[in-house]
1. Return yes or no: is B:Gly211 without any contact (Cβ under 8 Å) to a residue 40 or more places away in the chain, in contact with a helix residue (DSSP H, G or I) (Cβ under 7 Å, 6 or more places away or on another chain) and assigned to a loop (DSSP other than H, G, I, E, B)?
2. Name the residue, out of B:Gly250, B:Gly189, B:Gly194, B:Gly215, that is more than 12 Å from the chain's Cα centre (by Cα), within 14 Å of chain A (Cβ to nearest Cβ), under 30 Å from B:Gln315 (Cβ atoms) and open to solvent by 10 Å² or more (accessible area, probe 1.4 Å).
3. Can you find a residue in the stretch B:178-185 that is among the β-branched types (Val, Ile, Thr), within 30 Å of A:Met122 (Cα to Cα) and more than 14 Å from chain A (Cβ to nearest Cβ)?
4. Within the stretch A:372-399, how many residues are over 26 Å from A:Leu345 (Cα atoms), among the polar types (S, T, N, Q) and at pLDDT below 80?
5. Output the number of residues of the stretch A:144-154 satisfying the condition of being modelled with pLDDT of 85 or more and either assigned to a helix (DSSP H, G or I) or within 10 Å of chain B (Cβ to nearest Cβ) (or both).
6. Which members of the stretch B:135-161 meet the condition of being closer than 26 Å to B:Thr278 by Cβ and touching a strand residue (DSSP E or B) at 6+ places or on another chain (Cβ under 7 Å)?
7. Can you pull out the residues in the stretch B:165-177 that are part of a loop (DSSP other than H, G, I, E, B) and within 23 Å of the chain's Cα centre (by Cα)?
8. Select from the stretch A:281-308 the residues that are touching a Leu at 6+ places or on another chain (Cβ under 7 Å) and buried (at least 20 other Cβ atoms within 10 Å of the Cβ) and list them in ascending order.
Amino acid sequence: MSFAQWAASPGPGVGGHEGRIYRACNIGKRFGPVTVLRDVDATLRAGRVLTIMGENGAGKSTLFKILAGQLRPTSGHIELDGQELSLGAPSAAHAHGIYLVPQEPMLMPELSVAEMMFVGHMPTSGRFLKRVDWRAIRSRARAVLDALELDIGIDRPAKTLSIAQLQLVECAKALLHECRVILFDEPTSPLTAHEVETLFGIMRRLAGDGYTLSFISHRTEEVMEISDDIVVLRDGRMVGAAERGAFDRASLLSLMVGRELRTVSRRTKSHVTQELALSVKGLTHEPSFRDVDFSLRRGEILGLAGLIGAGRTEIAETIFGLRQVDRGTVKLGNTDITGVPSHDLIRRGVAYVPEDRGRHGAVLPMTITENITSSRMERVRQTAGLMSRGHETEIGAKAVRDFRIRCAGLDQTLLELSGGNQQKVVFAKWISTEPRLVILDEPTRGVDVGAKEEIYELIDRMAASGTAVVVISSESEELVRLCDRVLCIYEGRIVAELAGEEITPQSVTASYVGGSQARDAEFEKAGA
Amino acid sequence: MGTKDDIERVLRRRGREVALVGVTLALVVVLGILQPRFVHLENLRFMLLGSVVLSLVALGQTFVIAMRGIDLSVAPLLGLSAMVCGLLAQSQGLPLWIAFALSLGIGVVLGAFNGLLVSALSIPPIVVTLGTYSIYSGFIFIYSQGTQVFSIPAAYGHLGNGYLVPWLPIPIPVLVLLVVLALCSFLLGYTRFGRALLAVGNNDAAAYNAGIPVGGIRIAVYALSGMLASFAGLMFLCYTGSATVTAGTGDHIELQSIAVALVGGTPINGGRGNLIGTVLGSLFLSVVLTALVFLRVPAIWYSAGEGLMILATVQAGLRRHRARDAEAVA
């Protein structure tokens, strides 16, 4: 939309389309070499809730972004009431009455609740001087919030709202703009059980009024409670689609995790020694996690399973000295390292490879060699305080051979490498320091399938050399493939420990899905 | 009872303005007791007039900062407009109304150029306007060829120092400022353009998702800032009767305009804009600078004193604001 068109447009609200049918037909989506969605079909019907279910990375959010006009599909198309749609921008979706409520709504911190609801679509009054009609804004905002029975002051600054309230305000916005198709992107994960009930109540009422709703979740219990229709995605493919009655919780779980595929490829050999590498006692960092106890031996690979936001990354960052310790102790071997800053820990042989490689794992604009030697500059031969470029290149070349890093040359920057090869450079950098303890946060995020296997081998090699390894992963298959032991974290606590043969994709997923059931039961008890 | 609640509400919503008026008045009263000449009508008029040019520039700056941008090029834009209009008026008696149009035009075009670089090339605004600061300063030298303006037609002087009608003891520049302030307030508070620029300042990605043409808004806001800076240049010419190559840049009016916008309650991270606060901030700064003269503070201390005053006021405002947010959460 051009600036002039925008300035002249009367406002939002095409409205008046009762009972819309919104379809995704044969949708495929690729990001560069990575295929995220393959031939996905989904039909959203008026008065019904369609749930898109799947594990982290199954392609659920990508599908929603395509439906909401934030991404264009690589193949396939979308249809509204039988008409093919081409959505170039989110505003185009709004104009067709399609609204996406994001998982963590984008905040306009300084605006009032009422104004935030009208951003981009301010009603105006006056014939000559078109002025923003604040009275209409306030009364319409109030009316929509009242209709949803939401007790939120319309003059409050947006930055004072909770995530749950922001989501509900987003939902109110959809009504305000007379959108009849409302998509909820995994709305329940940041919410408490009570807030989930409020949201579901509103969703049921909207469905009763003939709205077309869709919802993303990976919690089977919720899905069975709210859905009319269910589509299950796994690795970007549709593995199940039917009415709710056709599923039960167990079948959803096995579809989501993929039974046949995942029974293979367990690690054959363990390298666990008797020597204690790390012991954590009563570690607490409010409000992320509390009373975390575990220990780790040299050569052991320990997995941390759980939902995004369960506190796994926070535990890792706290051990690595990036966050403050509220309570508890951390010991490396026999040395107390509680609260020791990270640069000191690196010198003592601890390495942390974060999920976001760009943040403090790899320096993307620097070359492969520079990245590899950056962890241990002092290992490069020096003459009169000057580093030997030749020796540095030798180290880099050896790493590229050892770790099978695919590149055009050592002086390529990491920006030019694929995600998998970037990750191999990061590994090479840390392994070359011969660490005693390595913490890997989502080591295969953004890595294609082939490179994943190579990374698993590298992790195995690290363990074989006596390094203690902690792997944080949201992919249960990965944990099964790698770990000697898995700790399941739910809302900042260890809720289960699995070892050896007990580690299966089903048991891992069930343990943290089970965590949510335990919490729901607790809530019901408290409520009753 | 009712009035007490009203007072509380005004204090909560307009606390910054009330505080600035209070501090400024207190300063005037104290200085008036120490130095009776300070409250002499002529000095009060001087301080008021002295704040007009800065206010005009800072109003434009407030729009830019509220959109989470920054505009350093306002200083040379002021100087360029004063120089172009001044030289034409001095040598060919350029009519005042053409000078008006000319100064506004210069500002809109060069300001929009800033906005174009920011939005089309995604260069951070501080870098863009640092570059155009030098470019526009260069234009002043190129245009003036080293000459300067030392005499202007009477109509210009009247606009800069005179009175509209004999019975109204308010100088014309102050009236002009009040009109501009009213227009700007309407623009920011009651037009879709104003609300859209605040949305961009809050969260440009979310603003884009809501269908706001973010690039167009950016260009328009920088054009507006350029226009106000350039118009301030014309007022500067009329008020002082002169223009040199260092008008604007010499006083670091770009930094002063940012400072008074912050003092007036516009956060450096954008999302909100307080235009009345900006004007009161300019007046406050004018009073402080004059007070330093009256207190016989050596001139070498002015700059340091000005800086301290700015930091102290911004800090006081931040603390109050944070306390209020904490209250709203609870």
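The values are calculated or read from the model by the stated rules, or taken from the named source; none is laboratory data. Predicted, not measured: the structure shown is a model, and the values here were computed from it. So basically every Cβ, Gly included, is an ideal-geometry build from the backbone, and we count neighbours across all protein chains shown. SASA here: full protein model, heavy atoms, side chains in, ligands and nucleic acids out. Shrake-Rupley method; radii C 1.70, N 1.55, O 1.52, S 1.80 Å.
1. yes
2. Just one listed residue meets the conditions, B:Gly189.
3. The initial filter retains those residues of the stretch B:178-185 that are among the β-branched types (Val, Ile, Thr), namely B:179-180.
Remaining after also requiring within 30 Å of A:Met122 (Cα to Cα): B:179-180.
Those left that are additionally more than 14 Å from chain A (Cβ to nearest Cβ): B:179-180.
The answer is yes; a qualifying residue exists.
4. So the answer is 2.
5. Of the residues in the stretch A:144-154, 4 are modelled with pLDDT of 85 or more and either assigned to a helix (DSSP H, G or I) or within 10 Å of chain B (Cβ to nearest Cβ) (or both).
6. Matches in the stretch B:135-161: B:Asn161 only.
7. The one that is part of a loop (DSSP other than H, G, I, E, B) and within 23 Å of the chain's Cα centre (by Cα): B:Ile170.
8. Within the stretch A:281-308, A:Val292, A:Leu296, A:Ile301, A:Leu302, A:Gly303, A:Leu304, A:Ala305 meet the criteria.
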